[in-house]
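Below is one structure; the comments refer to it alone.
Values in this text are rule-based calculations from the coordinates and carry no lab data. Computed from a prediction, not measured in an experiment: that's the story for all the values here. For neighbour counting, all protein chains shown are included, and Cβ atoms are generated from backbone atoms with ideal geometry for every residue, glycine included.
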Amino acid sequence: MIPMFFSTGRTPIILKFAGHLKSYGRMKLKAIFLLILVGALEAFAQKGGPVIFTVGQDTVWGAEFERVYSKNNIKDGQRPSVSDLKEYRDLYVKFKLKVKEAYALGMDSNKAFVDELAGYRSQLAKPYLSDKEITDKLIQEAYERMQTEVDASNLMIHVSTFASPADTFKAYNRIKEWKRMIDEDGVSFEQLAADSSTDEYGRKHKGRLGYFSVFNMIYPFENRAYNTEIGGFSDVFRTQFGYHILKVNNRRPARGEVKVAHILIRTNNESEYEAKKEKIDAIHQKLVGGEDWNELVLQFTEDFSTRMRSGELSWVKSIGGNLPPELTEMAFAMTEDGQISEPFRTNLGWHIIKRIEKRPIRTLESVTEFLKYKISNDSRSILGKSAVLKRIRSENGYVENKANIDKYLSSIDSTFLFNIWKPSAQHITDDVLFTIGDEAYTFADMSAESTTYKNSDPEADLETVKMDFFQWFSDNSNLEYEEAMLEKKYDDFRYLMQEYRDGILLFELTNKEVWNKASEDTLGLQEYFESHREDYRWADRLSYRVYKSDSKKTAKKVKKKVKKGWTDKTILEKYNKKNPLAVRVDHHVVERGDDVMIDSLDWNTMIHDIEDGSKSVVFLRVDEVIPSGLKKLKETMGPVTSDYQDHLEALWIEELKAKYPVKINQGALKEVFTEL
């Protein structure tokens with residue numbers, strides 16, 4: 001049962017988590033709970049203004065109340081009404097009672113809680129460890145590039161990031177000579193790629209990569225592709241894989257996405273294509289003749305994963321995806337919704353596709369979070385990381401000890417390249433490599449992290465790898481120090497962490513005292529139901545059957561058989577012998593008030609002709625009018641469980657009020673929000 005939330009007036013209310021907690025997924029439920037909770041309720045004391053209420057010895061002041069109420073409730077600069085504030089205050093009292101009990105029980109020291117809060121903290125810290133200005137620029141750049149697809153070719157020579165200066169220089173000189181040969185001697189780029197590129201794919205395809213868009217290539221390569229003119233060549237440039245020369249063959253506007261459905265006749269080998277062409281052609285002729293697409297999919301498609309949804313595929317992307325390229329190109333070649341293709345073949349077999357819908361690139365607003373996520377996991381994220389490191393090194397007073405850094409690195413031997421290096425006594429001393437604020441980072445600290453750093457190239461240059469190791473340790477140390485200081489540096493982060501801390505505790509305790517108890521206490525639930533039977537009644541209900549026929553002629557015959565008392569089984573056997581979709585029968589029971597169309601019928605008349613918007617001919621047969629009456633527990637388990645949870649929570653709140661007396665300052669709400 002999914003948790004239910006509603007809003008009364010301006011006040012967001014966590015109403016209840018209805019039904020069986022286990023059936024929904026505990027972690028997903030908690031995520032929803034925290035999402036609703038954060039910004040609605042907060043338990044971080046802030047003095048100032050009048051006393052709003054006290055819970056035991058804890059005081060909630062006007063300043064705290066204004067801040068937590070304002071997060072989601074102040075609109076258009078208007079002062080909230082006293083009734084709105086009272087409603088929110090009463091919710092906040094319950095919140096404070098529950099959280100106070102959680103702390104009293106020591107739940108905040110539980111290891112599972114500590115670990116879980118650390119996980120949330122790591123996520124919440126991310127915006128504080130990124131450069132918003134650079135991120136915004138990268139988002140805008142990525143969105144602009146989403147509008148265009150580039151067809152480019154690549155000529156390259158591989159060289160490791162950790163190669164020695166000599167090997168790096170050798171590779172650079174070699175590719176510079178290739179560039180000279182292209183520019184001055186007129187040597188074909190394609191021929192050089194086929195003969196000399198160290199990229200195996202490039203040699204096979206003369207360097208041709210085909211069309212790609214933003215995020216399909218590593219960022220330096222993408223940059224050159226979008227900044228080189230059509231038909232032109234880039235300068236030599238380096239990526240993590242080596243040196244490149246890039247040629248732009250063409251550009252085209254981004255094609256968006258297309259939704260299509262297909263009918264597939266599978267082939268297992270080349271010899272079956274010709275044998276099965278007759279079948280796909282026959283299906284195509286039926287479609288041309290006007291036969292129903294959905295029915296032909298049900299009858300013939302051999303893609304059983306899409307058979308029950310009319311052959312519909314996921315959105316077809318212009319670039320990437322797992323669909324055969326022939327299907328993708330056919331989908332984008334179609335010009336109108338509803339258009340049906342000629343039969344065509346792919347590595348899967350024969351297809352016919354029907355275009356359902358085409359959509360362009362979505363708006364920047366709708367894809368901003370997606371782009372932000374992609375950027376954070378892309379090589380361009382290093383731009384933001386570098387800016388953050390530069391800022392926090394300055395803010396936090398980062399100072400290096402150059403002599404000690406040289407001393408430490410010079411003592412690392414070549415076993416480090418094979419990830420088998422073991423720190424010796426000289427590497428686990430208190431000698432300081434650098435300081436951040438008042439914190440010193442020593443030889444021992446760096447040695448402790450040496451097993452975490454992994455070199456992936458045993459042939460790399462040792463001096464280059466050692467410097468990279470130090471830079472890695474320094475960067476991580478600065479970021480970890482900054483993350484540890486967030487509560488001290490940023491009030492918003494401190495408040496947010498307190499919200500999550502209290503929210504997780506509140507979830508765990510309410511789960512124990514209310515939600516789980518309601519699910520597991522079957523005797524108590526039964527007793528509650530029996531004492532509230534009159535609250536759970538059926539209205540009048542109609543039991544009926546709906547008959548759908550493929551033609552008026554068939555519907556007329558079926559209607560006669562129904563009136564004569566033929567069973568549904570007999571009717572289906574007779575009329576579906578040749579066409580399995582000729583007649584369909586569905587049984588329903590509907591309560592009065594749940595369906596406007598059913599309510600409008602005369603329930604005392606047996607047969608009703610119905611228009612349901614489809615091509616089928618439909619009529620309804622009334623089986624029985626079931627009078628109103630009391631529900632059985634199994635018929636109303638969800639609402640009863642939800643109400644029982646409310647009952648348990650009310651009893652629990654009274655117990656907490658007895659344990660932690662609540663005192664309300666009745667006139668205090670008139671003194672808050674006097675200035676907005």
Exposure-ranked with fewest Cβ neighbours within 10 Å first, TYR172, TYR69 stand as TYR172, TYR69
Could you tell me which of the pairs LYS94/LYS517; LYS86/LYS663; LYS94/LYS659; LYS100/LYS517; LYS132/LYS374; LYS98/LYS488 are separated by over 22 angstrom between their Cα atoms in the structure shown? LYS98/LYS488
Treating cross-link reach as a plain straight distance, find the lysines whose alpha-carbon is under 23 Å from the alpha-carbon of LYS358, omitting any fewer than eight places away in the same chain. LYS259, LYS317
Exposed GluC sites (Glu not before Pro) absent: longest stretch of the chain, with sites in DSSP loops and at most 16 other Cβ within 10 Å deemed exposed: 1-228
For the chain, with +1 on Lys and Arg beta carbons and -1 on Asp and Glu, the positive-most of ILE74, SER600, THR198 along the dipole: SER600
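Which residues make up the longest stretch of the chain that has no trypsin sites (Lys or Arg not before Pro) in a DSSP loop with at most 12 other Cβ atoms within 10 Å? Intermediate values should be presented prior to the final figure.
Values: sites that count: LYS47, LYS75, LYS454, LYS564, LYS577, LYS578, LYS615, LYS632.
With trypsin sites (Lys or Arg not before Pro) excluded where exposed in loops, the chain gives 76-453 as its longest stretch.
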Which of the lysines could a cross-linker span from LYS556 if the Cα-Cα distance has to be under 21 Å and same-chain partners fewer than 8 positions apart are dropped? LYS548, LYS564, LYS569, LYS574, LYS577, LYS578, LYS615
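With +1 on each Lys and Arg Cβ and -1 on each Asp and Glu Cβ, how big is the dipole of the range 506-595 about its Cα centre, in debye rounded to the nearest 20?
Details: 22 positive and 16 negative charges, 411 e Å.
Around 1980 debye, computed over the range 506-595.
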Could you tell me how far the Cα centroid of the range 484-554 sits from the Cα centroid of the range 165-182, in Å? 66 Å
Charged-residue dipole, Cβ positions (Lys, Arg, Asp, Glu), the chain about Cα centre, Debye nearest 20: 2680 debye
Proximal aspartates and glutamates relative to LYS176, as straight alpha-carbon distance under 18 Å, when same-chain residues fewer than 8 apart are discounted: ASP167, GLU184, ASP185, GLU190, ASP195, ASP199, ASP235
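Counting other C-beta atoms within 10 Å, which of HIS205, HIS532, HIS244 has the fewest, and how do the rest follow? Walk me through the numbers on the way to the answer.
On the way: HIS205 17, HIS532 13, HIS244 22.
By the 10 Å Cβ count, ascending: HIS532, HIS205, HIS244.
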Cα lying deepest toward the dipole's positive end in the chain, options THR442, TRP566, GLY289, charges on Cβ: TRP566
